[in-house]
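Colleague: If you scroll down you'll find the structure; I have some questions about it.
The values are calculated or read from the model by the stated rules, or taken from the named source; none is laboratory data. Worth saying up front: this structure is predicted, and the values here are computed from it rather than measured. Every residue, glycine among them, receives a Cβ derived from its backbone with ideal geometry; neighbour counts consider all protein chains shown. The area values use the complete protein model at the heavy-atom level, side chains included, leaving out ligands, DNA and RNA. Shrake-Rupley method; radii C 1.70, N 1.55, O 1.52, S 1.80 Å.
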Amino acid sequence: MIHSVFIINRSGGLIYNKNYNTHIAQLSSNEALIFAGTFHGIHALASRIAPTVKATGTKDTGIQTIDTKNFRLHCFQTPTGIKFIAATDLLHTRLTEALTRIYELYCDYALKSPFYNLEMPVRSDMFDAKLLQLVQQH
């Protein structure tokens, strides 16, 4: 189950967060902003110190998953630096396909909107509805 979804812009600012599990504590707005900034910093450091090179010849892009005792964080970073993060239960081992689909929804319902400004919070009812459908499938 996907518990929460976060989208962090390339500057480390939180542009979207949504909790889909009513049985876990909801982060306050301030806590969500702190999470985004902290994750962005740790992700940047991890990508700089990554010693491995992928088979494609490119260096690793930073954190892809973080495992805890109770949940797992999955991260997908786009070529432009936007990070899509999902908090899931431990049963989800790879969420790359779902995070890629969230990125596609973001492109379709936020970026293509004439009212959306880059780097600003995502405010789209259609994006929320389509994302809810995707979360319910996982």
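Colleague: Please determine, by comparing only the residues of the range 100-110 that are touching a Leu at 6+ places or on another chain (Cβ under 8 Å) and without any contact (Cβ under 8 Å) to a residue 40 or more places away in the chain, which one is least open to solvent (accessible area, probe 1.4 Å). I'd like the intermediate steps shown before the answer.
Modeller: Kept after step one, since they are touching a Leu at 6+ places or on another chain (Cβ under 8 Å), are these residues of the range 100-110: 101-102, 105.
Next cut, without any contact (Cβ under 8 Å) to a residue 40 or more places away in the chain only: 101, 105.
Details: ARG101: 98, LEU105: 4 Å².
Only one residue fits best here, namely LEU105.
Colleague: Name the residues in the range 34-63 that are open to solvent by 50 Å² or more (accessible area, probe 1.4 Å) and either modelled with pLDDT of 70 or more or among the basic types (Lys, Arg) (or both), would you?
Modeller: Within the range 34-63, ILE34, THR38, ILE42, LEU45, ARG48, ILE49, LYS54, LYS59 qualify.
Colleague: Out of ASP108, ASP67, report the one residue that is farther than 23 Å from SER124 by Cα, at pLDDT 90 or above and not small (Gly, Ala, Ser).
Modeller: Values: ASP108 fails: farther than 23 Å from SER124 by Cα.
One residue alone meets the criteria, ASP67.
Colleague: Counting only residues that are assigned to a helix (DSSP H, G or I) and either open to solvent by 10 Å² or more (accessible area, probe 1.4 Å) or on the phi > 0 side of the Ramachandran plot (or both), how many does the range 111-138 have? Let's see the steps before the verdict.
Modeller: Just the residues of the range 111-138 that are assigned to a helix (DSSP H, G or I), to begin with: 111, 125-137.
With the extra rule that they be either open to solvent by 10 Å² or more (accessible area, probe 1.4 Å) or on the phi > 0 side of the Ramachandran plot (or both), the set shrinks to 111, 125-126, 128-130, 132-137.
The total comes to 12.
Colleague: Taking the range 64-99, which residues are assigned to a loop (DSSP other than H, G, I, E, B), within 24 Å of ILE24 (Cβ to Cβ) and either among the charged types (D, E, K, R) or open to solvent by less than 60 Å² (accessible area, probe 1.4 Å) (or both)?
Modeller: First pass over the range 64-99, keeping only residues assigned to a loop (DSSP other than H, G, I, E, B): 64, 68-71, 78-82, 89-95.
Right, trim to within 24 Å of ILE24 (Cβ to Cβ) and you get 64, 68-71, 89-95.
Result: THR68, LYS69, ASP89, HIS92, ARG94, LEU95.
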